[in-house]
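So the structure is just underneath, and the comments pick up after that.
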Amino acid sequence: MSSAVFPDLARHQVENAYARWAPLYDAVCGPIFEKGRHAAAAAARQVGGKILEVGVGTGLSFDDYDLSTEVTGIDLSAPMIAKARTRLATGLYPHVKALMVMDAHALTFPDASFNCVVAQFVITLVEDPERVLDECARVVKPGGEIILVNHLYSEKGIGAAIERFAAKPSRKLGLRPEFPFGRLLAWSRAHGGAELIERRAVKPFGLYTLVRFRRLGARAQAA
């Protein structure tokens, strides 16, 4: 199903939805997204160093990192960041260095600031996914990674039919079940500075897909 039929979510849709979700997010979404969250953070720990988590939400992922990392978290939702700051104030997460309300379409960090950017259950929900990916690639150091985890469109079979049916009503919940992997791949080819290095279903049920891109250096891009 083309994005012309089901357009990308507008910013106000996402902000309004996640302002409503903030009080319930940990209890409702925490268990649902747990396996995907663990998979993304494990891949990020393999990279190590300075990590930017785009869409950090309430900070549920803080426990998934360790002192081999320095985590900066951003989110468009001020209520979500407020909850993350309350979690950080417990003193249990010295590896989390900063939390900010920030739009991922216009990151305020300098080029090549991070070893890794992680976006968990985010890229399908933003107003302009390609622009957000461009920004992620900009702030990642050459050789660093962009790590995404999301439910992606099934593309065929009964799963695809259900996702198409649910696409329009799910907008009010800040969800988007019909976003295809092919759009991520097309971005990497058009960008030219990020190569796909992994795409795999997250066990045990394969509901989520982990996607990793590596930021190429200038020499590799020229080649």
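The values are calculated or read from the model by the stated rules, or taken from the named source; none is laboratory data. This one's a predicted model, so the numbers in the text were calculated from it and none came from an experiment. With ideal geometry, Cβ positions are generated from the backbone for all residues, glycine too; neighbour counts draw on all protein chains shown.
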(request) Those residues that are more than 20 Å from F121 (Cα to Cα), among the hydrophobic types (A, V, I, L, M, F, W, C) and either touching a Phe, Trp or Tyr at 6+ places or on another chain (Cβ under 9 Å) or surrounded by 23 or more Cβ atoms within 10 Å (Cβ to Cβ) (or both), I need them from segment 60-95; list them, please. (result) L88, L92
(request) Only residues that are part of a helix (DSSP H, G or I), more than 23 Å from L184 (Cβ to Cβ) and of a type in the set (A, V, I, L, M, F, W, C): list them for segment 67-105, please. (result) A78, M80, I81, A82, A84, L88
(request) Quick one: F62 ticks every box in (1) modelled with pLDDT of 90 or more; (2) assigned to a helix (DSSP H, G or I); (3) of a type outside the set (S, T, N, Q); (4) under 20 Å from L207 (Cβ atoms) except a single one, so which number is it? (result) (4)
(request) Select from segment 43-59 the residues that are farther than 17 Å from M100 by Cβ and free of Cβ contacts under 8 Å to residues at least 60 places away in the same chain and write down the one among them that is surrounded by the fewest Cβ atoms within 10 Å (Cβ to Cβ). (result) Q46
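Quick one: in segment 190-215, of everything that is hydrophobic (A, V, I, L, M, F, W, C) and touching a Leu at 6+ places or on another chain (Cβ under 7 Å), which residue is surrounded by the most Cβ atoms within 10 Å (Cβ to Cβ)?
Going through segment 190-215, the residues hydrophobic (A, V, I, L, M, F, W, C) turn out to be 190, 194, 196-197, 201-202, 205, 207, 210-211, 213.
Applying the additional criterion that residues be touching a Leu at 6+ places or on another chain (Cβ under 7 Å) yields 194, 196, 202, 211, 213.
Working: A194: 25, L196: 15, V202: 19, V211: 23, F213: 27.
Taking the candidates together, the pick is F213.
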(message) One residue is enough: does segment 150-162 have a residue meeting the conditions at pLDDT 85 or above and closer than 15 Å to A104 by Cβ?
(response) yes
(request) Examine segment 106-115 for a residue that is part of a helix (DSSP H, G or I), surrounded by fewer than 20 Cβ atoms within 10 Å (Cβ to Cβ) and modelled with pLDDT under 95, and state whether such a residue exists. (result) no
(request) Just name the residue that is modelled with the lowest pLDDT out of those in segment 189-223 that are within 18 Å of V118 (Cα to Cα) and of a type in the set (G, A, S). (result) A201
(message) For the condition at pLDDT below 95, touching a Lys or Arg at 6+ places or on another chain (Cβ under 8 Å) and among the aliphatic types (A, V, I, L, M), what is the one hit in A22, A27, A78?
(response) A22
